[in-house]
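Rule-based calculations on the coordinates, nothing more; no lab input. Just so we're clear, the structure is a prediction, and the values are computed from it rather than from any experiment. Using ideal geometry, Cβ is built from the backbone for each residue, glycine included, and neighbour counts are taken over all protein chains shown.
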Amino acid sequence: MLLKNKTSIITGCNKGIGKAILELFAQNGSDIIACIRKESEGFDLFIDTIEKKYQIKVYKFYFDLENLDEIKSCIGKIAALKIKIDILVNNAGIAAGSFFQMTPMRDLEKMMQVNFTSQIYFTQGISRLMSKHKIGSIVNVASTAGILGDIGTLSYGSSKAALMFATKTIAAELGASNIRVNAVAPSVTKTDMYHQMDEKSRDNLIQSSILKRACEPIEVANVVLFLASDMSSFVNAQTIRIDGGFIN
Ligand SMILES: NC(=O)c1ccc[n+]([C@@H]2O[C@H](COP(=O)([O-])OP(=O)(O)OC[C@H]3O[C@@H](n4cnc5c(N)ncnc54)[C@H](OP(=O)(O)O)[C@@H]3O)[C@@H](O)[C@H]2O)c1
């Protein structure tokens, strides 16, 4: 029970890594503010099961990271709950690959908006709420794509590199409010995103890691739990790679 009496905001938690984080946090006693893009019956049923199974409360909010008005309105609704926010996990994101010379600017802008600028906007609003209580942990889900540098990863890699840089800057500014800010950088992880990747590049990446396999969503969730909880109380402004080990 690493998160007992805490409330955590998790974005993009209807599937993949976010869903694994939601269930692990619930299992560890946290109430959840689940932020997803669209209302769905499947997600409602999943949440009902989670609330009963772990005896926690889940609040559901909806916004699209491409729509600043929706994000602003959601921040307002979260503020209106008047509850202490302890943890923010910026998990929602998109991926796409294309050669640098063939990348339309609108695709690059969309990637930067969803994976970077909107994450910053949401974090601004939520961190203002967290600052009031002088405690908190923010975890950004980045990617090894923002570290390694590879063919076809210009837009996705740049958006995640920007998020990792922001992690350090925001940590420096929120330290005075006793809010820690860290990131995780997973490599190939078995979610829907896994199936969107170019098969050859994906397999090359897997074979380049020491453990030579893809990551499971729960293996990312475990590191996010560590960073969100007091177990990492002196870990700050870091990006932890979850990639099975790259030594070259
Ligand atoms: N899978 C990997 O190999 C891998 C590796 C490194 C890092 N990551 C990162 O891990 C995070 C989670 O990805 P995943 O692998 O779990 O992928 P996923 O299964 O495709 O989930 C992505 C999540 O982001 C949400 N999302 C996408 N665009 C959005 C938008 N415009 N507004 C609001 N929500 C939006 C999705 O919502 P919808 O269901 O509504 O689309 C979904 O909840 C991402 O930040 C990703 O970049 C993944």
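Give the residue, chosen from ALA142, ALA161, that is of a type in the set (A, V, I, L, M), buried (at least 16 other Cβ atoms within 10 Å of the Cβ) and without any contact (Cβ under 8 Å) to a residue 40 or more places away in the chain. Give the derivation first.
Values: ALA142 fails: without any contact (Cβ under 8 Å) to a residue 40 or more places away in the chain.
Of ALA142, ALA161, the one residue that is of a type in the set (A, V, I, L, M), buried (at least 16 other Cβ atoms within 10 Å of the Cβ) and without any contact (Cβ under 8 Å) to a residue 40 or more places away in the chain is ALA161.
The single condition among (1) under 14 Å from the mean Cα position of the chain (by Cα); (2) more than 29 Å from ASP150 (Cα to Cα); (3) within 9 Å of the ligand (Cβ to nearest atom) that PHE63 does not meet is (1).
Under 21 Å from ALA183 (Cβ atoms) and crowded, with 17+ Cβ neighbours inside 10 Å: which single residue out of ILE47, ILE33, ILE78, ILE56 fits that description?
Details: ILE47 fails: under 21 Å from ALA183 (Cβ atoms); ILE78 fails: under 21 Å from ALA183 (Cβ atoms); ILE56 fails: under 21 Å from ALA183 (Cβ atoms).
Answer to the check: ILE33.
Criterion first (within 15 Å of ASN5 (Cβ to Cβ), in a loop (DSSP other than H, G, I, E, B) and not acidic (Asp, Glu)) does ILE32 satisfy it? Here the answer is no, as ILE32 does not meet what is asked.
Within region 1-49, which residues are hydroxyl-bearing (Ser, Thr, Tyr) and more than 16 Å from the ligand (Cβ to nearest atom)? Give the derivation first.
Here is the first cut: in region 1-49, the ones hydroxyl-bearing (Ser, Thr, Tyr) are 7-8, 11, 30, 40, 49.
Result: THR7, SER30, THR49.
Screening LEU225 against (1) surrounded by fewer than 20 Cβ atoms within 10 Å (Cβ to Cβ); (2) within 15 Å of the chain's Cα centre (by Cα); (3) over 24 Å from VAL114 (Cβ atoms) leaves a single unmet condition, (1). All of (1) outside any loop (DSSP other than H, G, I, E, B); (2) without any contact (Cβ under 8 Å) to a residue 12 or more places away in the chain hold for GLU219 with one exception: (2).
How many of the residues in region 197-216 are small (Gly, Ala, Ser) and assigned to a helix (DSSP H, G or I)? Step through it out loud before you land on a result.
Residues of region 197-216 that are small (Gly, Ala, Ser), as a first pass: 201, 208-209, 214.
After this cut, where a residue has to be assigned to a helix (DSSP H, G or I) as well, the list is 201, 208.
Number of matching residues: 2.
Taking region 50-99 as the range and being in a helix (DSSP H, G or I) and among the small types (Gly, Ala, Ser) as the test, the residues that pass are SER73, GLY76, ALA79, ALA80.
Would you mind stating whether LEU205 is touching a residue at least 12 places away in the same chain (Cβ under 8 Å), more than 19 Å from ALA95 (Cβ to Cβ) and within 15 Å of the ligand (Cβ to nearest atom)? Break it down stepwise before answering.
On the way: touching a residue at least 12 places away in the same chain (Cβ under 8 Å): yes; more than 19 Å from ALA95 (Cβ to Cβ): no; within 15 Å of the ligand (Cβ to nearest atom): yes.
Answer is no for this residue.
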